[in-house]
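**Q** One structure, as structure tokens, below. Some questions next.
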Amino acid sequence: MAEQTHVLFVEDDDVIREATQLALERDGFVVTAMPDGLSGLEAFRSNQPDIALLDVMVPGLDGVSLCRRIRDESTVPVIMLSARADSIDVVLGLEAGADDYVTKPFDGAVLVARIRAVLRRFGHAGGPGNGSGGAGDEGAGQVSGGVLAFGDLEVDTEGMEVRRGGAHVALTPTEMRLLLEFSAAPGTVLSRDKLLERVWDYGWGGDTRVVDVHVQRLRTKIGQDRIETVRGFGYKLKG
């Protein structure tokens, strides 16, 4: 997989940019590295990378704004790089459409593992790793082959399409995987840790803010009251 994967890497620190580029290339990735957001946007449009790594604090066009511009044009996976785990920049990046984030300083092996985890998710957007194969067995209305109904919401688990009130709903692959997990067990509470494991492919503890922000983004698209928060436990899809 990694041999043909094209990574766009936007980082203004020369040392970090060069060292990370070399580390990724040693792992078989093709890397286009840019020092600022404007050149990064141009490189994104001209190179059509498979994944984008964006540092939050880059000149010209900051990483969050760059992520928004990319998300306006593409569903390509985006990982934000942030210097502080508790920074508001993390949430802003996720709200802008990023799929994940990595805190600096980072270990090269950890970064590669996160890149590969994101690529696995996007390569199999229609099949979350655990439990989604049983979608529709627990209370969803079966409209036709592979289509589940939850009120005015229809989820086509085979065609990977979502409709609300008959209108198409555009979801990113991560949002689609999240919705598929909920659709597999409507009415069942899914914890943040379980969603991190199933949707984000985390085999280790992760930041649950990733889940919270993506749930909120999903709510804005399918209806704020469609996904219920169960305080202290997680979230559930209303059947």
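**Q** Of everything in region 148-204 that's polar (S, T, N, Q) and open to solvent by 30 Å² or more (accessible area, probe 1.4 Å), which residue is farthest from the chain's Cα centre (by Cα)?
**A** The residue in question is Thr188.
**Q** Also: Of everything in region 15-33, what is touching a strand residue (DSSP E or B) at 6+ places or on another chain (Cβ under 7 Å) and assigned to a helix (DSSP H, G or I)? Give them in sequence order.
**A** Arg17, Thr20, Gln21, Leu24, Glu25
**Q** Only residues that are touching a residue at least 40 places away in the same chain (Cβ under 8 Å), within 20 Å of Trp200 (Cβ to Cβ) and surrounded by fewer than 18 Cβ atoms within 10 Å (Cβ to Cβ): list them for region 47-88, please.
**A** Arg71, Ala85
**Q** Ser39: out of contact with any strand residue (DSSP E or B) (no Cβ under 9 Å at 6 or more places or on another chain), surrounded by fewer than 23 Cβ atoms within 10 Å (Cβ to Cβ) and assigned to a helix (DSSP H, G or I), yes or no?
**A** Here the answer is no, as Ser39 does not meet what is asked.
**Q** Of the residues Phe9, Phe44, which single one is at pLDDT 95 or above, within 17 Å of Arg114 (Cα to Cα) and buried (at least 22 other Cβ atoms within 10 Å of the Cβ)?
**A** Only one candidate passes the filter, namely Phe9.
The values are calculated or read from the model by the stated rules, or taken from the named source; none is laboratory data. Since the model is a prediction, treat every value here as computed from it, not as a measurement. No Cβ is skipped: glycine too gets one built from the backbone with ideal geometry, and neighbour counts run over all protein chains shown. Keep in mind that these areas ignore ligands, DNA and RNA; they rest on the heavy atoms of the full protein, side chains included. Shrake-Rupley method; radii C 1.70, N 1.55, O 1.52, S 1.80 Å.
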